[in-house]
Amino acid sequence: MTFKTLDDMGGLTGKRVLVRVDLNVPMDGNRVTDATRIDRVLPTIRELSDKGARVVLLAHFGRPKGAVMPEMSLAPVAAALTERLGRPVAFAADCIGELAAATVEGLKDGDVALLENTRFHAGEEKNEAAFADALAALGDLYVNDAFSAAHRAHASTEGLARRLPACAGRTMQAELEALAAALTTPVRPVLAVVGGAKVSSKIELLDNLVKKVDMLVIGGGMANTFLAAQGKDVGKSLCEHDLADTARRIIETAKASGCEIVLPVDAVVAREFRAGAANETVSVDAVPADAMILDIGARSVVNVKAKIDAAATLVWNGPLGAFEIAPFDIATVTAARYAAARSKNGPLVTVAGGGDTVAALNHAGAAGDFSYVSTAGGAFLEWLEGKALPGVVALQD
C-alpha cells in the first residue's frame, strides 16, 4: 500500500488544511486526565503551523449520536491542546456553518483552530454527502492523522479524503509504517502474542494471524478455552466451552499454515479473584476443580521468552493473565519487559496495540522500549483481523 504524506503536499503557506485528529481523551469534568492522544498529534500540528498553513482540526468526542450534548463538547480539550501545543488554539462552537466559517476565515498563516465535535451532526457517522461537502468547503487540503478512527467510514475520516487533496499526517504515517513492518512486509520469523479474556472477541483476529505469523502464543482467559478444547479440566476458570470446536479449527488451520501455536503448560491458580489471594502454580493437566486460572506459570513464561528469542518481529495484543491484580501480573510484566529489552538492545521489531495491551505494557514499564505502541484500539484490532480500513483505503495513492 502506498499513500501520500505531508512531504508530498508542496507549499502550505496560506492553505486551509483540515486535519482529522483523535482527541477522544479521558476527562474528569473539564480536566483531561490522560493527554497521550493529544501528544501524539502535536508533531503534525506543529509542522503544518510552522510551514504557514492555517490549521483546522476536526475531531469527535464520545458518542452523542448526532445530538448536541454540552458534556461532550471539545471546548475543554481545546484548552488542554493550547497548553500542550504552546500556542493559541481558537475554538468554534460548530464544525460547519457560519460559526465554523467565521473561525476559519479569522485564521492567519500558522494559526490553529479546533472545531466542535463532528458527531454533533448525524451526517458525520452516516458519511452524508451534504455534511462532507460542508466540511470540505472549509479547507483546501485534508490530512488524516487519526488512525484510531480509520476503521469508520465517516464524513471526517473517509468522505473528506474523496473531496480534497489528501495525505496521512505524521502519526498516521508512523502507524501505517509500523503495521507494515509487523505483518505486511515483516522480517521473519514473526511471533504474535495474543491474550485477553475471551476467544469470542478475537476469532477473526486468530483466523487471520495463524495464516500470517510463524508462531502464536495464546494467553489470558482465552487460553483456557483452547486448553479445554484439548480435553483439559480448567476448573472454575473463565472459559467459553461452547467455542471448543472453534478453538480446534483454529489449531488445525495453524498446522496447515505452518504456524506453531504455543499454549500454557502450567498456570497460576487461586480460589478467589482478589489482590494477594492465596495461589499456587500447577500443571495445566492438574488444575484443581475448585480453582481458577489467573495467570500463566513460570515454565510457560520460559517458553514465551524462547519464542521471543527466536523471533525477528513481534506483534502483541492482550495480556497473558489478570494483570490488573497482583500477583497475577507477573507473567505479563516479565514477558513484556523481556520483549522490550530485546527490542531496545537488538534487532527485534515490536509492535503492540489494544486498550488492555497499552495498559499492561505501561504497567510493566515496557511500552517506551517497544518499536511502536498503537493507541488505536478498535482500528488496530480490525487491522490485525485483516480488514480494510475505510479511512486508510481513502488515502491510498
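The values are calculated or read from the model by the stated rules, or taken from the named source; none is laboratory data. Please read all numbers here as calculations on a predicted model, not as lab measurements. No Cβ is skipped: glycine too gets one built from the backbone with ideal geometry, and neighbour counts run over all protein chains shown. The area values use the complete protein model at the heavy-atom level, side chains included, leaving out ligands, DNA and RNA. Shrake-Rupley method; radii C 1.70, N 1.55, O 1.52, S 1.80 Å.
Can you spot a residue in the range 310-332 that is part of a helix (DSSP H, G or I), in contact with a Lys or Arg (Cβ under 7 Å, 6 or more places away or on another chain) and open to solvent by less than 40 Å² (accessible area, probe 1.4 Å)? No, the range 310-332 contains no residue that is part of a helix (DSSP H, G or I), in contact with a Lys or Arg (Cβ under 7 Å, 6 or more places away or on another chain) and open to solvent by less than 40 Å² (accessible area, probe 1.4 Å). Selection over the range 180-223 of residues that are in contact with a Pro (Cβ under 9 Å, 6 or more places away or on another chain) and not hydrophobic (A, V, I, L, M, F, W, C) gives a count of 6. Taking each residue of the range 190-215 that is touching a residue at least 12 places away in the same chain (Cβ under 8 Å) and under 12 Å from Val262 (Cα atoms) and looking for partners that are of a type in the set (Ser, Thr, Tyr) and outside any loop (DSSP other than H, G, I, E, B) with beta-carbon atoms closer than 6 Å, six or more apart or interchain, yields Val210/Thr253; Val210/Ser257. Tell me, which residue of the range 276-287 that is in contact (Cβ under 8 Å) with a residue 24 or more places away in the chain and exposed (fewer than 14 other Cβ atoms within 10 Å of the Cβ) is farthest from Ala335 (Cα to Cα)? Among those that are in contact (Cβ under 8 Å) with a residue 24 or more places away in the chain and exposed (fewer than 14 other Cβ atoms within 10 Å of the Cβ), it is Asp285.
Of all residues in the range 363-397, those satisfying the criterion of being assigned to a loop (DSSP other than H, G, I, E, B), of a type outside the set (Gly, Ala, Ser) and under 21 Å from Leu320 (Cα atoms) are Phe370, Thr375, Glu385. I'd like the full set of residues that are in contact (Cβ under 8 Å) with a residue 40 or more places away in the chain and within 13 Å of Leu135 (Cβ to Cβ), limited to the range 155-172. Ser156, Thr157, Glu158, Leu160, Ala161, Arg162, Leu164, Ala166, listed by residue number.
Going by the structure shown, is Gly196 at pLDDT below 95 and over 23 Å from Asn317 (Cα atoms)?
Judged against the criteria, Gly196 is not a match.
For His151, the test of being at pLDDT below 95 and open to solvent by less than 60 Å² (accessible area, probe 1.4 Å) is passed.
Which residue out of Ala122, Ala130, Ala146 is open to solvent by 20 Å² or more (accessible area, probe 1.4 Å), in contact (Cβ under 8 Å) with a residue 40 or more places away in the chain, over 14 Å from Pro165 (Cα atoms) and of a type in the set (A, V, I, L, M, F, W, C)?
After ruling out the rest, the residue left standing is Ala122.
To keep it simple, each residue is scored yes or no on (1) open to solvent by 20 Å² or more (accessible area, probe 1.4 Å); (2) under 25 Å from the mean Cα position of the chain (by Cα); (3) touching a residue at least 60 places away in the same chain (Cβ under 8 Å).
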{"site": "Met9", "(1), (2), (3)": "yes, no, yes"}
{"site": "Leu12", "(1), (2), (3)": "no, no, yes"}
{"site": "Val19", "(1), (2), (3)": "no, yes, yes"}
{"site": "Ile38", "(1), (2), (3)": "no, yes, no"}
{"site": "Gly52", "(1), (2), (3)": "no, no, no"}
{"site": "Ala100", "(1), (2), (3)": "no, no, no"}
{"site": "Leu107", "(1), (2), (3)": "no, no, yes"}
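Please verify whether Val269 is open to solvent by 20 Å² or more (accessible area, probe 1.4 Å), in contact with a Gly (Cβ under 8 Å, 6 or more places away or on another chain) and within 26 Å of Ala298 (Cβ to Cβ), treating the condition exactly as stated. When the stated conditions are applied, Val269 does not pass them. Here Ser237 clears all of (1) in contact (Cβ under 8 Å) with a residue 40 or more places away in the chain; (2) open to solvent by less than 50 Å² (accessible area, probe 1.4 Å); (3) closer than 29 Å to Lys344 by Cα; (4) not hydrophobic (A, V, I, L, M, F, W, C) except the condition numbered (3). You will find that of Thr82, Thr44, the residue that is within 16 Å of Val21 (Cα to Cα), free of Cβ contacts under 8 Å to residues at least 12 places away in the same chain and among the hydroxyl-bearing types (Ser, Thr, Tyr) is Thr82 and no other.
When the criteria are applied in full, Thr157 meets the requirement of being among the hydroxyl-bearing types (Ser, Thr, Tyr), touching a Gly at 6+ places or on another chain (Cβ under 6 Å) and open to solvent by less than 60 Å² (accessible area, probe 1.4 Å).
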